[in-house]
Amino acid sequence: MPPAEAALAADGLTKRYGAVRALEELSLRVEQGEVFGFLGPNGAGKTTTIRLLLGLLAPSGGRATVLGQPVTLGGAAWRSAVGYLPGEVAFWPQLSGERTLDFLARLSRREPADRPRLLDRLGLDAATLRRPVRTYSDGMRQKLGIVQALQCSPRLAFLDEPTKGLDPLVQQAFYEIVADARRRGTTVFVSSHVLTEVQRLCDRVAMLRAGRLVFAGDVADLRRSERRRVTASFSADVDAHAFAHFGELVASAPREIVLLVPQEELPALVARLGMLPLADLVVEAPSLEEAFLERYR
Amino acid sequence: MSIGTLIAHLWRRHRGALLLLVAGNAVFHWAITRVVPAASESGLVHDLLAMLPAPVRVLIGEDLVANLSARGFLAFGWVHPFPLLLLGVWAVRVSAGSLAAEVGRGTMDLIASRPVARSAQVAAAALAVVAGLTLIASAGWGGTALGLQTRVLEGVRARDLLPVAGMALLLFTSAGSVALFVSAVCREGGTAVSWGAGLLAGSYVLDYLARVWSAIAFLRPLSLFRYYEPQRILREGIASQDVAVLACVGAMGLVLAFAAFARRDL
């Protein structure tokens, strides 16, 4: 059976600005119905990637498909099935929220069927929507941005830093919106700095560093692939340096050692520790944040 | 469909300014009909104009000074800097505001990520520029017509001024399409306004200097204003060569705007 059509696929996607390499040879595949996290520090190329996938930028090399259609500059029809929340969302200050949503829905050529539900969840009431957007706070603008991206029930949503400026209660509401979208089969591509958010929302993640992909896979795989933090306490003094070959010795005291150990070294380490007067042993899987930092060290 | 939606959007954003420009041009041309010297005063006004320095006489029209008439005076209303400014403001404002300003503000992302062809965005901007210019120029002619309803000037009919209004529309349509090309390549609205307004003002100044300074007279054909002379239009009718030049510049600006905007990064 042929593999199902990917929601989006990039093959060697590259963007250069003169000598500056904003994105280098990115190859990526996101399946339909996935919530995909896109991680990386500022300037890593996350927003450039999204803009290339939307056809807002012309690639310097490589190609991409979105919903099975090749990405080109201009007005391809697949865009009617795509929602986009820019990282720095901006609106027309003199237009009301309602007019803004109506205008953007008309351009999408789809009924904004999900708008009432989204407005309700995010707490944007009718009175607020009648006001010009220039009177909105940053948080309200961000909520309006989320609504415009998702109001027409897109098959694929690109959300660039979606929880920026939202208070914790609204963030919670946003997570429920994404969970709901996932249940209905929407593919969500989330760029974020907030690791707990990605850990909570996403099935798979990709990590970018200086325009290059450094990891793509399951969140669980990412954590699994990182070194474990092993803290061993002893009832007698031990020579900490005898363990250095198992991994990286982070801290040592006469009766305690802390090591970062690759997963495959764990059995041998545990066997070695068992020969010593072991009092306590703690093996910790890295948090996503630690995995992230480890990748960018 | 997208073009209609985009034009409606531009109308919502610029309607306040358009109404002011329309009203301003109508009132200005109506006021001109009020101040046209009566036949009994024309000798005195002619003497006063003849005393002006030569460069100023060039600015208001040598023909007007030499053969002061009500028709010539009304034609002067169409080269006065005020109505030219009103038409120029619209041409540059909408051209810059519909492409470069959207890119600079970040709102272009919301439009361009939807199924809207880039050519539709340029077409909508061009149509909005022309529609607004038509309204402003028509309002100017309407002001003249209204004024002539209440003040009868011998030998002057409002419809004589229609070709002048038409050429003013063509002149600023050409200027607007050049401004649209500038907007299609700029990243900020302010930059596009500066370049668009600068090119328009430069063209006006070049035409004026080339008329008063014979050493650079050969540069005059480079100015769009060379092809717009209301007093000559009233005297001899519209020159097809002038129409051709302005139409070609307009078409070239539009083609370049389409081509540049279709290929650029947003």
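Just a few scattered comments:
- Choice from B:TRP141, B:TRP11, B:TRP30 showing the highest fluctuation, given a GNM over chain B with Cα pairs closer than 10 Å: B:TRP11
- Taking the stretch A:8-223 and dividing mean pair separation by its residue count, relative contact order in percent (alpha carbons under 8 Å, at least six apart): 29 percent
- Buried solvent-accessible surface, both chains (B, A), 1.4 Å probe, Å² to nearest 100: 2600 Å²
- Threshold 30 Å² - residues in the stretch B:218-266 whose accessible area is reduced by that much or more when the chain is no longer isolated, probe 1.4 Å: B:ASP265, B:LEU266
- Expressed in units of 2.2 N^0.38 Å, where N is the residue count, the Cα radius of gyration of chain B is 1.08.
- In this structure the stretch A:226-295 gives 53 Å² per residue of accessible area when probed at 1.4 Å with all protein chains present.
- Whole-number accessible area per residue in Å² for chain B, which is evaluated in the context of all protein chains at 1.4 Å: 43 Å²
- Solvent-accessible area, 1.4 Å probe, carbon plus sulfur percent, for the stretch A:226-295: 53 percent
- Column: log10 I(q)/I(0), Debye, Cα scatterers of the protein assembly as shown, q = 0.07, 0.09 Å⁻¹: -0.58, -0.80
- Candidates A:PHE215, A:PHE243, A:PHE158, ranked by Gaussian network fluctuation over chain A, Cα under 10 Å, top entry: A:PHE243
- Counts of other chain beta carbons within 10 angstrom of each beta carbon in peptide B:117-129 average 1.
- The stretch A:10-82 and the stretch B:132-176 have their alpha-carbon centroids 52 Å apart.
- Surface composition of the stretch A:8-223: carbon and sulfur atoms hold 49% of the protein heavy-atom accessible area at a 1.4 Å probe.
- Among A:ALA77, A:ALA22, A:ALA206, the residue with the largest mean-square fluctuation in a Gaussian network model of chain A, with springs joining Cα atoms closer than 10 Å, is A:ALA77.
- Derived scalar couplings ³J(HN,Hα) [the stretch B:110-126; Karplus, 6.51 cos²θ - 1.76 cosθ + 1.60; whole Hz; x for Gly, Pro]: 5, 7, 6, 7, 9, x, 10, 5, 4, 5, 5, 5, 5, 5, 4, 5, 5
- Interface residues of the stretch B:1-21, defined as those with an accessible-area decrease of at least 40 Å² between the chain by itself and the complete set of protein chains (probe 1.4 Å), are B:MET1, B:THR5, B:HIS9, B:ARG12, B:ARG13.
- Sulfur and carbon atoms: percent of accessible area, chain B [1.4 Å]: 70 percent
- Per-selection Kirkwood Rh - the stretch A:197-237 (Cα, Å, 1 d.p.): 12.6 Å
- Mean accessible surface per residue for the stretch A:9-94, computed with a 1.4 Å probe while every protein chain stays in place, in Å²: 36 Å²
- Radius of gyration, Dmax [the stretch A:1-67; alpha carbons; angstrom]: 12.4, 44
- Cα long-axis angle, helix B:81-98 against chain B (0 to 90 degrees, to the nearest 10): 10 degrees
- Distance from the stretch B:78-131 to the stretch A:226-269 (C-alpha centre basis), Å: 67 Å
- For the Cα trace of the stretch A:8-223, dividing Rg by the Kirkwood Rh returns an Rg/Rh value of 0.96.
- Whole-percent pair-distance distribution, where bins are 5 Å wide, for the alpha carbons of the stretch A:226-295: 4, 17, 30, 26, 12, 7, 3, 0
The values are calculated or read from the model by the stated rules, or taken from the named source; none is laboratory data. These figures come from a predicted structure and were not determined experimentally. We place every Cβ from the backbone using ideal geometry, glycine too, and count neighbours over all the protein chains shown. Remember, those area values only see protein heavy atoms, side chains included, never the ligands or the DNA or RNA. Shrake-Rupley method; radii C 1.70, N 1.55, O 1.52, S 1.80 Å.
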